[in-house]
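Okay, structure first, notes after.
We did not get these values from a lab; they are worked out from the coordinates using the rules stated. On a predicted model such as this, the values are computed, not experimentally measured, just so you know. All Cβ positions, even for glycine, are placed from backbone atoms using ideal geometry, and neighbour counts span all protein chains on display.
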Amino acid sequence: MKARFINPYTDYGFKKIFGEEASKPLLIDFLNALLPARQKITDLSFKNLEQLGPSHIDRKAIFDIYCENDKGEKFIVELQKAKHNYFKDRTVYYATFPIRDQAEKGDWNYRLQHVYCIGILDFTFDDYESEPERSEVIHTVQLKNQNNRLFYDKLTFVYLEMPNFDKTEEELTTRIDQWLYFIKHLEDFQQIPSIFKDDVFTQAFEKAELANMGEKEINVYEDSLKVYRDLKGVIDTAYYEGLIEGEEKGRLEGEEKGRLEGEEKGRLEGEEKGRLEGLIEGEEKGRLEGEEKGRKEGEEKGQKEQQTKIVNQAYAMGLSIKEISQLTGLSESDIWAILSV
């Protein structure tokens, strides 16, 4: 069945809904729903998306959406389709640009306005220790001290892990629930759900409807959609191949390493506690530790190999270095390094 609405995970679709001057009411409503603890945003102005370092040799940042309100508070909104090793580092680096831009010439007391970095992620983080964290959709991060007390409240990172959002239309209870449901399922809608009847969402569906676009817009969108689908196919294939390969390699290496470590540990502990009892206990503990260590090492190696495969396949499909960088999060120099191997 042919889609009625655009895919918001494409660069064109995301900016069509949230990044145009006419889309400001939608972006304001989305941010107010996501950040309810702060005062309501009444107006925003878009800023230059390309941010340059203090000198020509410094790296630059290109934001999906960069805006500020009438108080001078800054908002970066990023759509990230692919997982990469240093995504958190990237968001922290991006936050330095709106912080640095607030510097004033001459006498200045260093008073800063709030900076919000918001990431809409088409993947989940895999480094949470507890199950509740792994299943959460919205992760809000601020600077805290070792007693978990807030240290600084003017820098906020908000990550939305969209694969974790699984509410049905009947389960939507908040405004942000509605927005997440809209983003995740927009391309699949053939009819507008009854819950989306207010003016903001009426405007959102009007902007997203393909029938309201001209031929030029459709062509640009189709190109953006092809890039998204091609890259997603490459990422999914490489991910599962890398995962299987990494798990198998990690298991074999872990078993061998665990056996050797277990034998040695068991021998030493057995001298103190009894050779047979210590050998069994040490072998088992060492085997488990070794398997876990080997699994992690295998997964890390598999992820790097997966990343290399994605870049090579995306380049072979005709994507430019800039497009590969925007869609994978890798720097252009990292991409050239992979392609030159």
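Which of the pairs K2/K226; K184/K304; K144/K301; K71/K144; K74/K207 have their Cα atoms more than 23 Å apart in this structure?
K184/K304; K144/K301; K71/K144; K74/K207, as the Cα separations exceed 23 Å there.
Using Stokes-Einstein with the Kirkwood hydrodynamic radius over Cα pairs, what translational diffusion coefficient do you get for the range 70-122 at 25 °C and a viscosity of 0.890 mPa s, in µm²/s rounded to a whole number?
Value of D from the Cα-based Kirkwood radius: 194 µm²/s.
Be a star and scan the range 67-100 for residues whose amide nitrogen sits under 13 Å from the point 7 Å along the Cα-to-Cβ vector of Y152.
The answer is 92-93, 95-100, whose backbone nitrogens lie closer than 13 Å to the label point.
Please get the size of the charge dipole for the range 64-170, origin at its Cα centre, with Cβ charges of +1 on Lys and Arg and -1 on Asp and Glu, quoted in debye to the nearest 20.
560
Have a look at the chain and give its Rg and Dmax from the Cα atoms, expressed in angstrom.
So, for the chain, Rg and Dmax equal 24.2, 81 Å respectively.
Which value, in debye to the nearest 20, gives the size of the charge dipole of the chain about its Cα centre, when Lys and Arg are +1 and Asp and Glu are -1 at the Cβ?
That gives the chain a dipole magnitude of about 1120 debye.
Report the antiparallel proportion of the DSSP beta bridges in the chain as a percent, rounded to a multiple of 5.
That works out to approximately 55 percent antiparallel.
With all pairs of different alpha carbon atoms counted, what Kirkwood hydrodynamic radius in Å does the range 122-199 show?
With all distinct Cα pairs of the range 122-199 included, I get 14.9 Å.
Putting +1 on Lys and Arg Cβ atoms and -1 on Asp and Glu Cβ atoms, find which of T156, Y128, I195 reaches farthest to the positive end of the dipole of the chain.
T156
Expected output is a single nm value to one decimal: the length gained when fully extending between V220 and E292, i.e. 0.36 nm times separation in residues minus the C-alpha distance. What is it?
Answer, rounded to one decimal: 21.2 nm.
Scaled to the compact-protein estimate 2.2 N^0.38 Å, what is the alpha-carbon radius of gyration of the range 11-213, rounded to two decimal places?
Ratio of Rg to 2.2 N^0.38 Å for the range 11-213: 1.08.
With +1 on the Cβ of every Lys and Arg and -1 on the Cβ of every Asp and Glu, and nothing else charged, how large is the dipole of the range 283-341 about its Cα centre, in debye rounded to the nearest 20?
Using Cβ point charges on Lys, Arg, Asp and Glu, the range 283-341 gives about 160 debye.
What order, most packed first, do the peptides 178-187, 209-218 have when packing is the mean number of other Cβ atoms within 10 Å of each residue?
178-187, 209-218
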